[in-house]
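Below is one structure, written out as structure tokens, with a few remarks after it.
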Amino acid sequence: MRKLFLFLTISLVALAPAGAQTQPAPAPKQQVLGEITAVDAAAHTVTVRSDAGETVTLSTTEQTTYTRMPPGVTDLKQGARVTFAEVRVGDRVLAPGVPAAGGSAARLILMTRAGGGPGGGQNAGRRLNGRVVSVDAAKKLIVVQTRGGREGQESVTVDATSARALRYAPDSMRPADAVAGSLADVRAGENIRATGERSADGATFKAEEVLTGSFARFAGTVASADAQRGELVVKMDDGGSVKLSFGARSSLRRLTPEFEQTLAKQRAEAEQRREQRRAERQQQGGQPQGEGAGRREGQGGRRQRGDGQGRGEGGGQRRGGPGGGNFQQMFDSLPAVTLAELKKGDAVVVTVTAGADASRATVISLVTGPAETIRAMQQFQRGGDGPRGPNSPGLPGDALGGGQGPTREPPR
């Protein structure tokens with residue numbers, strides 16, 4: 001990546017007017033090269049962790065130009081003109097002509113990391129996903145419960161000494177929308193997505209980046225809607241109520257008859273698979289304990305957890321279901337609705353950013369439709385979880401509308 005930006009710097013010099021070549025070669029221009037760790041839209045500033053290890057602030061003006069380069073491309077002419085609003089945390093940036101200590105930038109050359117943002121595709125094999133068990137902010141150590149081990153779960157200690165800390169945005173589960181955070185923000189019970197290197201024995205994980213946040217999903221009915229103030233009050237199935245606010249990325253959609261038919265089909269197929277597994281277990285009942293246990297573990301053990309987390313035969317079978325790619329694509333194609341269209345009594349299932357105040361939350365995705373279908377969708381996707389509260393580790397990749405991936409199991 002550093003070589004790529006070196007090529008870009010050379011390209012900038014090559015684009016200088018021809019007459020300048022007759023003058024003595026100027027001293028190398030100062031520049032800032034590094035990774036964006038924070039973006040302040042109000043102040044129009046960008047915080048950069050430079051490759052030299054310094055944290056600098058770049059200020060921009062209405063005259064600043066922004067060029068986004070495709071990964072691997074060095075020809076500035078192939079870059080796309082973008083706006084300040086498209087500058088993202090995690091972008092690599094080159095600010096030519098700016099002192100190493102920071103300052104006003106006339107031009108920012110940006111490059112999105114492969115995979116579209118934090119924890120992107122190139123890091124898929126270096127990723128740890130799970131739920132935070134405990135945090136030692138002073139030592140920068142996080143104990144994480146993740147999938148694996150003989151019991152289906154294991155604890156891993158994440159060393160975040162040199163890691164960049166990010167938080168999921170209030171209205172999005174997409175890593176590309178993450179915002180700057182700190183380890184002091186991390187709480188037990190939150191979802192965590194870390195990128196780095198795992199030790200040979202698997203007990204520790206040296207993190208380069210940690211992305212954390214807390215989510216919940218619940219079903220209920222609309223108690224009141226205030227489109228002018230952008231607020232919605234939902235009465236949950238357990239009798240409580242919560243006031244919902246909306247962000248720029250919050251998704252509101254309505255179920256269609258075609259979606260309902262697909263859901264009904266998927267439920268029927270899931271029931272058939274359960275019946276098949278019951279029959280297999282009954283047949284195995286008369287076998288020796290060792291052989292039966294081995295078959296149950298290999299064929300059905302990981303599928304019976306109810307959370308769709310199995311990677312074996314059962315996991316593969318579920319890829320066409322609510323966690324599957326086709327189902328997610330169908331969800332993404334559902335018609336959008338506005339807050340003004342929601343009426344008192346409408347059934348909804350909502351995925352939210354969970355905060356300290358249980359009576360208020362920010363919507364990530366909201367789906368409305370027939371109450372029977374909403375309950376069926378919630379039950380089918382939830383698996384063994386209760387009607388309220390966070391799902392099992394990996395909810396971001398599982399929740400409809402999260403937009404992070406097609407599978408119920410956290411990507412590894």
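Please treat every number below as a calculation from the coordinates, not as lab data. All of these numbers come straight from a predicted model, not from anything done at the bench. Glycine gets a Cβ as well: all are built from the backbone with ideal geometry, and neighbour counts include every protein chain shown.
Net charge within 11 Å of Ala163 by Cβ-Cβ distance, Lys/Arg positive one each and Asp/Glu negative one each, not counting Ala163 itself?
Neighbour charge sum, excluding Ala163 itself: 0.
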- prompt: Gain in length, Ser59 to Asp75, computed as 0.36 nm per residue apart minus the alpha-carbon separation, to one decimal in nm?
  reply: 3.2 nm
Estimated distance in nm for a label pair at Gln153 and Phe84, the labels positioned 7 Å out from Cα along Cα-to-Cβ: 4.5 nm
query: Relative to the present Cα-Cα distance, how much length would full extension add between Ala200 and Ala43 at 0.36 nm per residue of separation?
result: 52.0 nm
query: For the pair Arg267 and Ala248, how long in nm is the line joining their label points, each one 7 Å along Cα→Cβ?
result: 3.9 nm
- request: Report the local net charge at Ser333: Lys and Arg +1, Asp and Glu -1, summed over other residues whose C-beta lies under 13 Å from its C-beta.
  value: 0
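Applying 1/(1 + (r/R0)^6) with R0 = 45 Å to the Cβ-Cβ distance of Glu231 and Arg277, what FRET efficiency is obtained, to the nearest 0.05?
With R0 = 45 Å, the Cβ-Cβ based efficiency is 0.50.
Show me the GluC sites (Glu not before Pro) within the stretch 168-214 that DSSP assigns to loop and that have at most 16 other Cβ atoms within 10 Å of their Cβ. Numbers along the way, then the final one.
On the way: sites: Glu190, Glu197, Glu208, Glu209; in loops: Glu190.
Sites meeting the loop and neighbour criteria: none at all.
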- request: Loop only per DSSP, at most 14 neighbouring Cβ atoms within 10 Å: give me the trypsin sites (Lys or Arg not before Pro) in the stretch 29-93, ordered by residue number.
  value: Lys29
message: Testing the spin-label approximation: label points 7 Å from Cα along Cα→Cβ at Ala376 and Val179. State their distance in nm.
response: 3.9 nm
